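Inspection log for the structure reproduced underneath, given as structure tokens.
The values are calculated or read from the model by the stated rules, or taken from the named source; none is laboratory data. Bear in mind that the values here come from a model prediction, so they are computed numbers and not experimental data. Remember, those area values only see protein heavy atoms, side chains included, never the ligands or the DNA or RNA. Shrake-Rupley method; radii C 1.70, N 1.55, O 1.52, S 1.80 Å.
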Amino acid sequence: PARTLALFVGLTQCLGMAGAAFGSKPTRMLIDPNGSFHFSWEHIWLGFSAIGLILAVAVWFIMPRDQGGSAHHHGDFTLTNLLKPFRIIFSNPQSWIAGLIGGLLFVPTTIGALGWGASML
């Protein structure tokens, strides 16, 4: 519903930024050639893909299935019906504003703190 749009947009941005913030340090520690772990970046990405695959399988089994009337509700599986939700989101000015604000909040963290901050400190 429209009344919960702001809540879920904020939660999505919060979880995305928190994941990047909390995930970058352990990943850097694992990849660092001068560190005590030193895994190759290829192994790290394979590990991330394995975790993603496990999460996808878990979501497949955990999420409830639609019962009856689903094909009528969603329509046929066509490119038009597939792109319809994206058209709704991208035509909403609030989505663009939320994306812009989220991007502007995240850019100083990635560019400033992670890029320049580590070398300056």
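Quick notes on this one:
- Carbon and sulfur %, accessible surface of the chain computed with the full protein complex present, 1.4 Å: 75
- Extension gain, Ser49 back to Asn81 (0.36 nm per residue minus Cα-Cα distance, nm): 8.6 nm
- Put Ile44, Ile88 in order of accessible area, highest first, and with a 1.4 Å probe you get Ile88, Ile44.
- Residue-normalised accessible area of the chain, given per residue in Å² at a 1.4 Å probe: 87
- Rounded to 10°, Cα long-axis angle of helix 5-31 versus longest principal axis of the chain: 30
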